[in-house]
Amino acid sequence: MDDSVLISTFLPIALAIIMFGLGLSLTVEDFRRTARTPRAVVMALALQILVLPVLAFGLILLFDLPPLLAVGVMLLAASPGGTTANLFSHLFRGDVALNITLTAVNSILAAVTIPVITNFAIAYFDADGELGLQFGKIVQVIAIVLIPVAVGMLVRSRSLVFAERADRPVRIFSILILVLVAVGALVGERSNVVGYLEQVGLVTGLFCFASLFNRLRCCATAEDG
């Protein structure tokens, strides 16, 4: 399968199906519970928007990355957690409602924060280009995340038996999608993988570890709250 077709057509449809499956496991009360403990949401947003970009910037300076890779790492830091974060939360039985809430709110904010952080990196590291406002990302989140989740929740409210029976197939399908996307990405970049690992592997590894710690801390805050 062509990589561009996999990413542009198959992947969004698959993610929408997965988010529908996640909706089958959620109720309105799950989101009400999240609203009653806003500290976790506020903390996660603050870490995502402020702390992670600063951490990425420090790692870039520490490892003296070339301009193009430096901008890429800053773009990674500015990007909100997407559907895969919600998927992992579901697979490992985390707080899916909290993760979906973070995805929705952070994606709206990212329409502004991504260009601000990325354009700062472009200017600071003297790279070429400019990034405009990302309002299209908001539409994508609504289409791929929020609408399928809402439909799944509606189906659950009408047929709890179906929702419970669908849980295992959704988990299996989700794992298959993750494997397919990972393999597709590796195959598509097979000629560059070793070079990328040598240039930016340690930096992105450390950054991803910090991002994971951020998620775990926020989930612990939600449970304590």
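The values are calculated or read from the model by the stated rules, or taken from the named source; none is laboratory data. The model shown is predicted, which means the values in this text are computed figures rather than measured ones. All Cβ positions, even for glycine, are placed from backbone atoms using ideal geometry, and neighbour counts span all protein chains on display. Quick note on the areas: whole protein, heavy atoms, side chains included, nothing else; ligands and nucleic acids left out. Shrake-Rupley method; radii C 1.70, N 1.55, O 1.52, S 1.80 Å.
Things worth noting here:
- Neighbourhood charge, 14 Å Cβ-Cβ cut-off, centred on residue 174 and excluding it, Lys, Arg +1 and Asp, Glu -1: +2
- The residues of the chain present an accessible area of 56 Å² per residue when probed at 1.4 Å with all protein chains retained.
- Rounded Å value of the spacing that divides the Cα centres of region 108-165 and region 20-47: 16
- With every protein chain in place, the chain: carbon and sulfur % of accessible area (1.4 Å): 70
- Loop-resident sites, region 110-197, for trypsin sites (Lys or Arg not before Pro), counting at most 13 other Cβ within 10 Å (DSSP): 190
- Residue-span extension gain [residue 210 to residue 175] - 0.36 nm each, minus C-alpha spacing: 10.2 nm
- Candidate values [x] 16.8; [y] 12.7; [z] 19.1 were compared with mean projected area of the Cα convex hull in nm² computed on the shown model; the agreeing label is [y].
- GNM top mover of 168, 93, 33 - the chain, alpha-carbon springs below 10 Å: 93
- Rounded FRET efficiency, nearest 0.05, which uses the C-beta distance separating residue 62 from residue 199 and R0 of 25 Å: 0.95
- Cβ-defined net charge surrounding residue 71, 12 Å radius [Lys, Arg +1; Asp, Glu -1]: -3
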